[in-house]
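To keep things clear, I will list the structure first and then write my remarks on it.
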Amino acid sequence: MEIRQHLNVQGTVQGVGFRYRAKHMADALALTGTVKNLPDGSVELEVQGEESVVAEYLDRLCNSTSVQVAAVKFKECSVHTENSFEILMNEEQT
């Protein structure tokens, strides 16, 4: 079953390549969604795909050796029609 999850990832997740790792892993697993840094130091992530693949992705992403995830807030979302996983820039980065 295809799902979409919205996450707010807190900890040492900015300045360590988290967004690029998120995109690379999503592309390798054929997942879609978005990722962006937030001004408060957390990272906002939406990921969509088969439930088991999304679970594997999140486990691998949040347990990477180069990041220190302190907390993750999950929320189910409606599935979207999209074809890729994109890194978004927030207003402060444009």
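We did not get these values from a lab; they are worked out from the coordinates using the rules stated. Remember, predicted model here, so these are calculated numbers, not experimental data. As a convention, Cβ positions derive from the backbone with ideal geometry for all residues, glycine included, and neighbour counts pool all protein chains shown.
Work out the charge dipole of the range 2-89 with +1 on the Cβ of Lys and Arg and -1 on the Cβ of Asp and Glu about the Cα centre, then indicate which of Gly15, Ala71, Ser52 is farthest towards its positive end. Highest projection toward the positive end goes to Gly15. Assuming 1.306 mPa s and 10 °C, estimate D for the range 2-89 with Stokes-Einstein, Rh taken as the Kirkwood radius over Cα pairs, in µm²/s. Estimated via Stokes-Einstein, D reaches 125 µm²/s. Sorting Val67, Val9 from the fewest to the most surrounding beta carbons within 10 angstrom yields Val67, Val9. Using Cα atoms only, what is the angle between the long axis of helix 18-28 and the major principal axis of the chain, expressed in degrees (0 to 90) to the nearest 10? Here the helix axis deviates by roughly 20 degrees. Magnitude of the charge dipole for the chain, about its Cα centre and with charges confined to Cβ atoms of Lys, Arg (+1) and Asp, Glu (-1), is about 280 debye.
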